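Novice: Mind having a look at this structure? Questions to follow.
The values are calculated or read from the model by the stated rules, or taken from the named source; none is laboratory data. Nothing here was measured: the structure is a model prediction, and the numbers come from that model. A quick note on method: Cβ atoms are made from the backbone with ideal geometry, for glycine too, and the neighbour counts reach across all protein chains shown. SASA here: full protein model, heavy atoms, side chains in, ligands and nucleic acids out. Shrake-Rupley method; radii C 1.70, N 1.55, O 1.52, S 1.80 Å.
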Amino acid sequence: MQWYLGMQASASTWIYNAALKIAPILAPDRPATGRFVAYHGKLAFLDEPNLLHIVKSHGVDAATADGLARHATSILISVRDPRDAVASLMLYHSQDFKHALTEVERAAYTCAQFMGDSRTSLLRYETRFTETPDTIDLIARAFHRPLPHEARDQIFNDSRRENVEKLINKLEQLPTARRAGDDLYDSETQWHKLHAGRTGEIGKWRHALNDAQIARIEARLFDWMQKFEYAPTRTPGLIAKLKNMARGTT
C-alpha cells in the first residue's frame with residue numbers, strides 16, 4: 001500500500017492522481033485501486049492482498065493512522081503553510097474559520113507524526129512541485145522501477161493545471177461522479193468541482209485572513225510551524241501568551 005498523506009490545499013490530489021497513472025506502467029501485474037480515507041477510516045479494503053492500494057488522506061485519528069502505517073510500504077507527505085491551507089478551505093470550500101482550522105490542524109499533526117519514518121518522502125507546496133516533471137519521477141520511486149521518460153512526460157502533461165481543469169469541467173459526464181451536498185466530485189480521481197478555478201497563490205493568507213485569525217492559527221500550530229520552517233508573524237513572547245489563552249479551547 002502506498003500512502004499519500006497531505007494537508008488540505010497542498011496538491012495532495014495532484015500527487016494521488018499521478019500515482020494512479022504511474023501504477024499500471026510500473027506495476028502491471030497488480031491492479032491498482034485508489035481510495036480516499038476519511039478521519040475515522042474504514043480499512044478493511046486493505047486486507048485484499050492482490051491489489052496495489054493507492055491511499056489518499058488528510059488528518060486521521062490515531063487508530064486509522066496506525067492501520068495505514070502498518071500496511072504502507074511508502075509514505076509521501078505534502079505540506080503547506082497552514083495559514084494558506086485554512087484560507088483555501090474558507091475561500092473554496094465555504095468552511096467557517098473554526099472548522100477549517102480544526103481540519104488543517106488535524107492534517108498537520110498527522111503529517112508531523114510520520115516525518116521521521118524511513119518510508120517517508122516530503123513535498124512542500126511552496127516549491128511549486130506540480131510545475132516540474134521531476135516530481136513525477138519522485139512519486140515513481142515508490143514503485144522501485146524507473147519510469148520511462150516518455151511516460152513521465154505524458155503523465156506530467158496530463159497533470160498540468162489546464163488539463164486538470166478540463167477534466168473537472170466534465171465531471172457531470174463521468175459514471176463515477178458523486179454528489180456531496182453542493183459539491184460534485186469524481187470518486188475515482190477525487191477531483192472535486194471545488195478544485196476548479198483556483199490560483200495556487202502562495203501567501204494568500206495575508207489578504208484572506210484577519211489579524212485575529214492569523215494569530216489563532218499561529219498559536220495553535222506554532223510548534224508545527226517551527227518544525228516545518230513556516231515563520232510566524234508574532235513574536236515568541238506573544239505566541240506563548242496566545243498559546244496559554246488557547247489552551248483548553250477548541
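Novice: Taking only protein heavy atoms and a 1.4 Å probe, what accessible area per residue, in Å², does the stretch 1-139 have with all protein chains in place? Each step should come with its number before you reach the end.
Specialist: Working: 5520 Å² over 139 residues.
I get 40 Å² per residue for this part.
Novice: DSSP loop (so not H, G, I, E, B), at most 14 other Cβ within 10 Å: list which trypsin sites (Lys or Arg not before Pro) in the stretch 1-95 pass both filters. Kindly include the intermediate steps, with their values, before the conclusion.
Specialist: Working: sites: Lys21, Arg35, Lys42, Lys56, Arg70, Arg80, Arg83; in loops: Lys42, Arg80.
When the trypsin sites (Lys or Arg not before Pro) of the stretch 1-95 are filtered for loop state and at most 14 Cβ neighbours within 10 Å, Lys42 remain.
Novice: If you roll a 1.4 Å probe over the chain with all protein chains in place, what percent of the accessible area is carbon or sulfur?
Specialist: Answer for the chain: carbon and sulfur cover 51 percent of the accessible area.
Novice: Rounded if a/c is under 1.5, else prolate if a/b beats b/c, else oblate: with a ≥ b ≥ c from the C-alpha gyration tensor eigenvalues square-rooted, which is the stretch 50-175?
Specialist: Numbers: a/c = 1.64, a/b = 1.12, b/c = 1.46.
It comes out oblate by the Cα gyration axes.
Novice: Note the angle between two axes, namely the Cα long axis of helix 62-71 and the longest principal axis of the Cα atoms of the chain, as a number of degrees from 0 to 90, rounded to the nearest 10.
Specialist: Roughly 30 degrees between the two axes.
Novice: Right, here's the next one. Hey, got the dipole for the stretch 92-163? About the Cα centre, +1 on K and R Cβ, -1 on D and E Cβ, debye to the nearest 20?
Specialist: Values: 10 positive and 12 negative charges, 40 e Å.
Dipole about the Cα centre, nearest 20: 200 debye.
Novice: Restricting to DSSP H runs of at least four residues, report the calculated mean residue ellipticity at 222 nm for the chain, -39500 (n - 2.57) per run over all residues, nearest 500 deg cm²/dmol. Walk me through the intermediate numbers first.
Specialist: Numbers: 10 runs with 110 residues, N = 250.
My calculation for the chain gives -13500 deg cm²/dmol from helical runs alone.
Novice: Here is a further query. How far is it, in nm, from the label point at Ala38 to the one at Ala231 when both lie 7 Å from their Cα along the line to the Cβ?
Specialist: Here the modelled spin labels are 4.1 nm apart.
Novice: Give the residues of the stretch 37-53 whose amide nitrogen is closer than 12 Å to a point set 7 Å from the Cα of Arg70 in the direction of its Cβ.
Specialist: Under cut-off, by backbone N: 43-44, 46-47.
Novice: In debye to the nearest 20, how big a dipole does the chain give about its Cα centre with +1 on each Lys and Arg Cβ and -1 on each Asp and Glu Cβ? The partial results should precede the final answer.
Specialist: On the way: 33 positive and 30 negative charges, 104 e Å.
About 500 debye.
Novice: Towards the positive end of the charge dipole of the stretch 1-121, with charges on Cβ (+1 Lys, Arg; -1 Asp, Glu), say which of Leu101, Leu68, Pro31 has the farthest Cα.
Specialist: So the residue furthest toward the plus end is Pro31.
Novice: Between the stretch 32-82 and the stretch 145-168, what's the alpha-carbon centroid distance in Å?
Specialist: 23 Å
Novice: What FRET efficiency comes out for Ala151 versus Glu188 if R0 is 30 angstrom and r is the Cβ-Cβ distance? Round to the nearest 0.05. If you can, show how the numbers build up before the last one.
Specialist: On the way: r = 20 Å, r/R0 = 0.67.
The formula returns an efficiency of 0.90 here.
Novice: Report the one residue of Gly6, Ser57, Ala19 whose Cα lies farthest in the direction of the positive end of the charge dipole of the stretch 1-109 (charges on C-beta: Lys and Arg +1, Asp and Glu -1; origin at the Cα centre).
Specialist: Result: Ala19.
Novice: Specify the angular offset, from 0 to 90 degrees and rounded to the nearest 10, of the alpha carbon long axis of helix 149-158 from the longest principal axis of the alpha carbons in the chain.
Specialist: 50 degrees
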